[in-house]
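These notes concern the structure reproduced below.
Readers should treat all values here as calculations from the given coordinates under stated rules, not as data from a laboratory. Values in this document were obtained by computation on a predicted structure and should not be read as measured data.
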Amino acid sequence: MAGRLAVGLLVLLLVAGCRGAPGPDAAIRDPGRVPPEIEGLLKPPFVPGDSLLTGSVPGRPGLWDPVEGQPVPAFSLSAPDGASLSSEALSGRALAINFWASWCGPCRHEIPLLVDRQAELPEDLLILAVNVRESESKIVEFATEVGMELPIVLDPDGSVGDLFGVRGLPTTIFVDPQGNLTATWRGVLDQAKLNQLTDASLGR
């Protein structure tokens with residue numbers, strides 16, 4: 001009986017997360033493993049704005065107050081091959097900073113749209129794929145499987161996600177070439193919304 005109750009509570013928490021609502025830290029403690037009881041929640045169709053809980057504590061005081069038109073915080077991340085990437089190196093280019101994980105169904109649904117949008121605007125826009133809390137081997141395997149032709153960087157402890165106030169996956173931060181926030185989108189993007197928000201970052 002206790003086991004069934006625990007599974008039921010976990011499902012309820014994940015359903016709340018799929019609709020973008022915050023949940024407790026225990027929602028997903030090991031995002032690399034998906035319990036079979038909730039696997040159906042990780043499959044399409046997804047409604048724009050759908051997301052899954054990251055396991056971060058909701059409401060944790062952040063280091064940045066996300067105000068549109070204000071500079072985003074400085075950050076530094078590393079790629080699976082060990083190369084480092086800093087926000088300073090990206091100055092002068094519009095960004096879409098996408099936080100994702102391979103176990104996240106809405107993320108999987110969204111990635112082909114991001115790849116296509118990057119291909120449309122190779123010189124003007126950089127879509128940065130920030131993987132949250134997964135092993136490098138899993139990331140490389142997934143990226144190869146889906147043809148994820150985006151620059152991938154790692155957030156192994158979730159600290160950069162915390163810096164940006166990420167509470168669910170996927171979340172995308174849009175930045176103009178001057179380094180100012182233009183939008184924060186929590187949840188899955190559809191093509192129309194992605195085009196709208198990247199155009200706004202480009203001043204179109």
ask   = Taking amide hydrogens as modeled 1.01 Å from N in the peptide plane, which residues meet the under 5 Å criterion relative to residue 183, leaving out close sequence neighbours?
value = 174
query = Could you give me the ³J(HN,Hα) list for the stretch 163-178, computed from phi with Karplus coefficients 6.51, -1.76, 1.60 and θ = phi - 60°, whole Hz, x at Gly and Pro?
reply = 4, 8, x, 6, 10, x, 10, x, 9, 10, 9, 9, 10, 7, x, 8
message = Explain nothing, just compute: Karplus ³J(HN,Hα) = 6.51 cos²θ - 1.76 cosθ + 1.60, θ = phi - 60°, for every residue of the stretch 195-204 in order, whole Hz, x for Gly and Pro.
response = 4, 4, 6, 6, 4, 5, 5, 8, x, 9
remark   = If amide H atoms are modeled at 1.01 Å from N in the peptide plane, then the residues at a separation of 5 or more from residue 148, or on another chain, having amide H under 5 Å from its own are none
task = Give the long-range amide H neighbours of residue 94: residues separated by 5 or more places, or on another chain, with amide H under 5 Å away, using H modelled in the peptide plane at 1.01 Å from N.
result = 126
key: Whole-number D in µm²/s for the stretch 94-204 (Stokes-Einstein; Kirkwood sum over Cα pairs; 25 °C, 0.890 mPa s)   = 177 µm²/s
